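What follows is a set of notes on a single structure, which appears directly below.
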Amino acid sequence: MSGFLSSLPYLVSAWIFFAGLFGIVRSRNLLHMAVCVVIMQSSTYILLLSIGFRSGATAPIFYGISPTTLAVDPVVQALVLTDVVVETVVLALLLAIAVQIHDCTGELDPNRIAKIKG
Amino acid sequence: MNPAALVPLIVGVPLSAAAILVGAGKSLPRRLADSIAILSTVISIGCGCWIFNHVIEQPIVYWFGGWYPRKGVAIGISFYADPVSVSLCVLTAVLTCTAFVYSWHYFESAGTHYHALMLVLSGAICGFLLTADLFNMFVFFELSTVSAVALCGYHSESPGPLQGAWNFGVICTVAAVTALTGVALLYGRTGALNFAQVGAGIAHDPNPLVLVALAFIACGLMVKGGFAPFHFWLADAHAVAATPACVMFSGIMVEMTAVVVLRLYFVLFSTAVGDREWTVRALLLGFSSVTAVLGAIMCLLQTHLKRLLAYSTISHVGLVLLAGAMLVPEAIGCAMLYIIAHGFVKGSLFLCTGALKQRFNAIDESELHGRARGWYLLLAIYTLGAIGLAAAPLFLTGRADSLVEAAVRDHGLHWTVWIFSFSAIITAGAVLRSAGAVFFGWGPREASSSKESGGEREAAAGGRKVERIMLLPAALLIALAIGLSFTPGLDHIVLRAATDFHDGTRIRDRIMNITHAPLKQADAHREKELMAEPVAEKYSVEKGLINVALALAVAFLALNRDRLRLTRVRILTRPASLLRAIHTGTVGDYAAWFIAGVAVFSGVMLLLWRM
Amino acid sequence: MRIRTAAYIFFGLFVAGAYAWAVLFLPAFGNYHAAYGEMLNRITLYERHATNVVTTAVFDYRGFDTLNEEFMLFIAVVGVLVLFRAGPADQRKHSGPEQQSDAVRTFVLGLVSLLALFSLYIILTGQLTPGGGFQGGVMLATAFALIYLSGSLEAFLRVTPKKGLEVAEAIGVGGLVLYGIAVVAMGYPFFQNVIPLGTTGHLLSAGSLPLLNVFTGIAVAMGMVLLMHAYLREVLEGGEGDE
C-alpha cells in the first residue's frame, strides 16, 4: 500500500480525536458535551485496533483451528475492552452530574452554569 | 514473610476494604464502618513502612500473576517499588487515615459510600505511583479521576460542587484520552507496554513519534497535576469538594503526576532523548515556573479560603516539577521531599478550613471576618501551616528548600531559587493574611466575591460545634511536617533514592532482571561526593527566617491594602483583574487552553529537536 | 465563544499536524509484528489451556488492569448513587413507559429467560470462544432492561432491590480482589493461577479464568442494573430522597 493509505486508519482516529475535542470546546449542552467526550475516547479504539491489525490474520481465538494460524495482536483487543468499560463508566458519571445540575439550576448550558470563577 | 510479597497489598487492601464496606452497606453501624476504613489505612501504612525499610536497600520489582518477562518481553504487569514511590504511598495512606479520623465527626450521616470513594481513590493513587506499565498507568489515572470526581460532587444538592465535578471530570477524561493516545503510539512503535521494554525499544530510535508520544503523555498527566495552562479545573474542584477529599486532592493526587512524569522521562525517554536533554529540561522548567508564579499570584487574589489553598497547591506543584525538571539527583530529592512536606502542611491547612466551615458555616474571608477570634488552638495550627508553606526552618519544606540550593550551586539555574522563594513567600503571605482577617478581624472587609462558591452545605443551619478531636489530625500532620525533618540521615536517604530514581537505564535493567549495571561512573562519583558532605550543614536558618519575615510583610501589605492605597495602583489591579478574567469556570475554555498547551509543548519540542 | 473556537482551530492544527506526523512512524496498516502479542498467541494454548487469547490476556496476563477497571465501574456506580441520593428538586413524576400489550409482555418474558441463559453461556465459555465476563454481564443487564421496556417500571424495581444489587456488586468486585489477596496469602504472586488447568476446550478449564469471569460477570451485570435502577428512579420516580 502507498504511504498515505497505509496510515489512513490512524489518520481517521486523529480526525475523530479532534472532532470530539472540537465538540467539547463548542458545546452548549451538557449532554452533548458528554457524548463528545465519548467520541473523543472512541478515537483510541480505532487507533489501538488498527495498530494491532495484520493483513490476512484471523482473530486470536484458537478454538478449532491450528495453533500456528496467523492471528492479529490480542493485546490491543484486551486494551480496547478495558477502554470501553472506562468510557461507559465516565459517561455514567458525567450524565449523573448533568442530571443533577439540571435539577439544581434548570440549566444545561455549560457556559452558563459557571458559579465559581476568578 | 518476604516484604516483596506485600507490594500488591498497598493497592489491594484499600480496594478490598471498599468492596467490603459497600457490601455490608447500611447494616454496618456508622462507627464500625469508620473503624474498618481507618484500620485498612493503618494496615496500608504498616505494609508501606515495612516495604519502605526494604526498598531503601534494594528496590522491588513485582510481577502480577507470576508472569515474569521472557527473552526481554514483558508478559504481565509489573510494579516498581522504590523508596520514592513507596514513601509517597505511605504519605497517601497517612493522609487517608487522617481524613477518616477527621470525618469521624464531620458528616451527619454518610453511609459507607463516602468511605468506599476515599479508599478507592487512595488505592488508585498508590497504584499510579507504583505501576511500571503504561496501560496500567492509564487505568489507575482514570480510576483516581472517577473516584475523585464523585467525591468532588459529593454535596450534590448545590450547583457549586456539581460544576466543579463536571469541569474536573470532562477535562481529566480529555487528558486521559490524550495520554492514552501517546501510549498507543508507543505501543505501535515498540510493541510493548512495560516501562522498561518500551524504554529499551525507543532508546536508540529517537523520532518524531517518540517526541509526540512524550508530549501527549506528559500533557495528559500534567492536566491532573494542575500545571498552567491546564490548571483551571483544580481550583474549581478544590473550592467545592468535601474537606477530607481536598486533603487527598491537594496532598497527593495532584503531586503524584509530577513524580510519574519524571519517572516516565527517566525510564522511557532519557536514553532516546540523549544529549538533547536540554529541550525537555527547558520545556518542563518553563511550564512549571509559569505555574508556580501564576498560582502564587492567583492565591493572593482569593478570599475564598479553599480556593486560596487550591491556588497555593498549584503554585507548589509548580515548585515540585521546577525542582524535578532540573533533572539532577539533588533537585529530584528536593522535589520528593517537597511533595511529602507539602502534603502534610496542606492537608493540615485544609482540615483547618474545614473546621472553620463547620463552626461558622462560611468559607469566605469576608464572611468569616473576625468571627474566629479567640480560637487560639486553630489559629496556632493554621499559622504553623502558613509558615510551613514559607519553607520555615525546622519544617520539612525548609529541608527541601536547602536541597534546591545545593542543586543550583552545582548545576546552575540560579533563577529557580528566586521562584522558589517567591512562591513560598506569596502563598504563605496569602494564608497569613487570611489568618489575620479570620482570627483577628484585621484588614478591610469586602463583599463576598463568590456567593455561590461555598457550595458545601455540610452544616446548613448556622454551623455546628467542632469537637476537639477533629483538630487532632491537623495538629498531627503539622507535627509530622516538623518531626520528620529530624529523621537521622534524612538527606542521605533522600539523595540515594533520588540518585536511583534518576538512573533510568539501571531501573530498566532492574525491571527486566538484567544483571545490575554498576552505577554510571559520573553518578557513582557524584553519589560518593554527596554522601561525603551532609546537606544539613548547608541548610541556612537565615533563609527560612527571611522567607517567613517576607511572608509576614506580604500579609501586612495585603491586610492594609486600602490604607496604603494599593487597590488604587492601576499597574497592580489591571493585570490582576485580567488574570481573574481568564479563569472563566467554563469547561469549553479549559479544553481550548488544553489544546493550546499541548500545541506549545509538542511544537516547541519538535522545533528544538530540529534545531 | 468565537475566540475560543479560533484558538482551538489554530492550536488544534498544530497538534493535529504533530499527530499526523507521528503516525507516519507507526508500522504500515496490516503489517504489525509485535513481540508481546506474538508471544501471547503462542503460549496461551500451552500454558493456560485456554483458546481465547483475548480473554486470557484480560483476566490473566493483564488481569490486574481488569481488577482496577472493575473497581472503576464499581466506584462509578457508588458515585452515581451518591450524586442521586438527594433526589431532584421537583418531585413531579415523569411518566414511565407505556403499558404494552399482553402479547409483547409474554414475548419479552420468554426473551428475558433466553437472554439470561445465553449470557450465562457467554460468561462461562469466555476462555474458549468469543465472550467473557464483560460481554455476558452486559447481556445479563439487558435482560433486566427488557423487563422495564415491556412496560412495567414497578416490576423492574421489584426485581432489582437496590440493597441486594449493591451486595451482589460488592461480591463481584470483592471476589476479584480477594482472590488476588488469597493467592498472596498462599505465597504466590497476586492474581496467579492456582487452580488446576484442566483439559483444553472443556467448560471448566484454564484454571482461574472461569472463576474470574463469573466474578466479573456479576460485577458488570449488577453494576449496569444498578445504574439503570438509579437513573430510572431519579428520572421517573423523583428519587428516593431518604438517604
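Every read-out reported here was derived from the displayed coordinates using simple, explicitly stated rules and does not represent laboratory data. Everything numeric in this text was worked out from a predicted model, so none of it was measured. Positions of Cβ are backbone-derived with ideal geometry, glycine not excepted, and every protein chain shown enters the neighbour counts.
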Which listed residue (A:Phe4, C:Leu73, B:Leu471) has the Cα farthest towards the positive end of the charge dipole for the protein assembly as shown, taking +1 on Lys and Arg C-beta and -1 on Asp and Glu C-beta about the Cα centre? B:Leu471
Expected max-MSF residue from A:Gln41, A:Gln77, A:Gln100 in the GNM of chain A (alpha carbon, under 10 Å) is A:Gln100
Using the Kirkwood radius built from alpha carbon pairs, what does the Stokes-Einstein equation give as D for segment B:59-166 at 10 °C and 1.306 mPa s, in µm² per second? 101 µm²/s
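Determine, from the Cβ-Cβ distance of B:Asp205 and C:Lys162 and an R0 of 60 Å, the FRET efficiency 1/(1 + (r/R0)^6), rounded to the nearest 0.05.
Efficiency, from the Cβ-Cβ distance: 0.65.
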For segment C:144-202, what is the relative contact order in percent, using Cα pairs closer than 8 Å and at least 6 residues apart in sequence? 15 percent
Dipole check, segment B:347-447, charges on Cβ (K,R +1; D,E -1), about Cα centroid: among B:Leu368, B:Ile387, B:Ala430 the Cα furthest to the positive pole belongs to B:Leu368
Tell me the relative contact order for chain C as a rounded percent, counting alpha carbon contacts under 8 Å between residues six or more apart. 29 percent
Difference of contour (0.36 nm per residue) and Cα-Cα distance, B:Gln58 to B:Phe486: 151.7 nm
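Can you give the helix-only mean residue ellipticity at 222 nm for chain A, where every DSSP H stretch with n ≥ 4 adds -39500 (n - 2.57) and the sum goes over all residues, rounded to the nearest 500 deg cm²/dmol?
Dividing the helical sum by the residues of chain A leaves -24000 deg cm²/dmol.
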Under a point spin-label approximation (7 Å from Cα along Cα-to-Cβ), what is the B:Asn513-B:Ser35 distance to one decimal in nm? 4.4 nm
Considering amide H positions built from the backbone, and no H for Pro or chain starts, which residues 5 or more places from C:Asn52, or on another chain, come under 5 Å of its amide H? A:Phe62, C:Leu128
Residues whose built amide H sits under 5 Å from the amide H of A:Arg54, excluding neighbours closer than 5 in sequence, are A:Asp73
Considering the Cα positions of the protein assembly as shown, please state its Rg to one decimal place and its Dmax as a whole number of Å. 27.0, 87
Packing-ranked peptide list from B:78-88, B:469-479, B:559-569, B:63-73, highest mean Cβ count within 10 angstrom first, is B:78-88, B:469-479, B:63-73, B:559-569
Could you work out how far apart the two model spin labels at C:Glu47 and B:Asn560 are, taking each label as a point 7 Å from the Cα in the direction of the beta carbon, and quote it in nm? 7.3 nm
Within segment B:463-492, what residues put their amide N at less than 13 Å from the label point 7 Å along the Cα-to-Cβ vector of B:Leu377? B:465-476
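Take every Cα pair under 8 Å in segment B:319-440 that's 6+ residues apart, average their separations, divide by the length, and report that relative contact order as a whole percent.
For segment B:319-440, the relative contact order is 35 percent.
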Stretchable slack from C:Ser101 to C:Leu153, in nm (0.36 nm times residue separation minus alpha-carbon distance): 17.2 nm
Report the label-to-label distance for A:Leu8 and B:Arg570 in nanometres (one decimal), using points 7 Å from each Cα along the Cα→Cβ vector. 6.1 nm
